[in-house]
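Okay, so here's the structure we're looking at.
The values are calculated or read from the model by the stated rules, or taken from the named source; none is laboratory data. Computed from a predicted model, the values in this text were never measured in an experiment. Cβ coordinates were reconstructed from backbone atoms using ideal geometry, including for glycine residues, and neighbour counts include every protein chain displayed. Only protein heavy atoms, including side chains, enter the accessible area calculation; ligands, DNA and RNA are left aside. Shrake-Rupley method; radii C 1.70, N 1.55, O 1.52, S 1.80 Å.
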Amino acid sequence: MKIRKAVFPVAGLGTRVLPATKAMPKEMLTIVDKPLIQYVYDEAREAGIEHFIFVTGRNKNVIEDHFDRMFELDATLAARGKKTEQDVLAQNQPEAGAVSFTRQQAPLGLGHAVWCARDIVGNEPFAVVLPDELVLNSPGCLKQMIETAATLGEKSNVIAVEAVPDHLTHQYGICGVGKRTGKMFEVDGMVEKPAQGTAPSNLSITGRYILQPEIFKILQTQERGAGGEIQLTDAMIGLAKSQKFYGVEFEGERHDCGSKPGFLRANIAYGLKRPELREGLIAEMKKYLGQ
């Protein structure tokens, strides 16, 4: 099963990190020196994705600009002899025709955002990557999932999962665990935000999915669920009646950059992974900790 396309839902308002996102998309918030959207694009490209589909909304044009060439900037860097900076920009540049943008006109939830990409995805399996969730690891989370998907049947779906504390399972979508093979298991049911004490496991559904195109037919008529939105988890529960779902406990450290604590934590974690920044960052942290 080959996965060529990935959908990035980027129409959200970023209300958890206001006022930073009042006039700037949360996907353009920077972790060290790259915006969130660049990290997930790089993760998808590493995994072999060939077509990148962004589901945008109002005030998101800067995301499209980010993946376009800026001739004035290129010319200025060339004139100043800044070849290193030019090379970095060239590495981040998608091939012509590899990126598509479509609009989600109303904030109707993740499921609706994915449905908006239906005509671009077409009739083939695809990945969904949530840009405000980063996974610090090499290989990346999506590559791990695609390698798993390659071992499964043609009509299989894969979701990335992560263990959460038992007392917090009511805050997440949770999967039941069936037959297990190493880090992979058959998903034995899914429930969105189960009541405390009723969760089938402590494995939460995170922001990486590999889905079959039949999900679009379900999403087309999916009723609104939690928060009055069209929930992707509800549609996956419907699809699981006719297709297999598998969970993958990925390797890596997940960062919820849509929250202020998670955003700050990600900057520290990614900064410490950079050899040229690590020592200086540790020294500055020690100053603030009084050590």
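Odds and ends about this structure:
- Put simply, of Val135, Val177 the only residue that is of a type outside the set (Asp, Glu), touching a Lys or Arg at 6+ places or on another chain (Cβ under 8 Å) and assigned to a strand (DSSP E or B) is Val135.
- Residue count, the range 103-118 (criterion: outside any loop (DSSP other than H, G, I, E, B) and either open to solvent by less than 40 Å² (accessible area, probe 1.4 Å) or over 11 Å from Ala11 (Cα atoms) (or both)): 6
This table checks each residue for (1) basic (Lys, Arg); (2) closer than 30 Å to Leu152 by Cα; (3) out of contact with any Leu (no Cβ under 9 Å at 6 or more places or on another chain); (4) free of Cβ contacts under 8 Å to residues at least 60 places away in the same chain.
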{"site": "Arg4", "(1), (2), (3), (4)": "yes, yes, yes, no"}
{"site": "Tyr39", "(1), (2), (3), (4)": "no, yes, no, no"}
{"site": "Arg45", "(1), (2), (3), (4)": "yes, yes, yes, yes"}
{"site": "Ile63", "(1), (2), (3), (4)": "no, no, yes, yes"}
{"site": "Thr76", "(1), (2), (3), (4)": "no, no, yes, yes"}
{"site": "Leu89", "(1), (2), (3), (4)": "no, no, no, yes"}
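- Note on the range 256-271: residues that are part of a helix (DSSP H, G or I) and either within 16 Å of Thr30 (Cβ to Cβ) or touching a residue at least 60 places away in the same chain (Cβ under 8 Å) (or both) amount to 11.
- For beta carbons closer than 7 Å, sequence separation of 6+ or different chains, a first residue in the range 275-287 that is assigned to a helix (DSSP H, G or I) and a second that is open to solvent by less than 70 Å² (accessible area, probe 1.4 Å), the qualifying pairs are Leu277/Gly271; Arg278/Leu272; Leu281/Gly271; Leu281/Leu272.
- Residue list for the range 228-251, restricted to those being open to solvent by less than 40 Å² (accessible area, probe 1.4 Å) and not hydrophobic (A, V, I, L, M, F, W, C): Gly228, Gln231, Thr233, Gly238, Gln243, Tyr246, Gly247
- Scan of the range 22-46 for residues that are hydroxyl-bearing (Ser, Thr, Tyr), open to solvent by 10 Å² or more (accessible area, probe 1.4 Å) and under 24 Å from Ala117 (Cβ atoms), ordered by number: Tyr39
- Taking the numbered list (1) part of a helix (DSSP H, G or I); (2) over 18 Å from Asp132 (Cβ atoms); (3) open to solvent by less than 50 Å² (accessible area, probe 1.4 Å); (4) among the hydrophobic types (A, V, I, L, M, F, W, C) in turn, Ala199 passes all entries but (1).
- Hits in the range 110-138 - residues which are over 15 Å from the mean Cα position of the chain (by Cα) and more than 16 Å from Glu50 (Cα to Cα): His112, Trp115, Cys116, Arg118, Asp119, Ser138
- For the range 143-184, a tally of residues being without any contact (Cβ under 8 Å) to a residue 60 or more places away in the chain, closer than 18 Å to Ala195 by Cα and open to solvent by 30 Å² or more (accessible area, probe 1.4 Å) returns 7.
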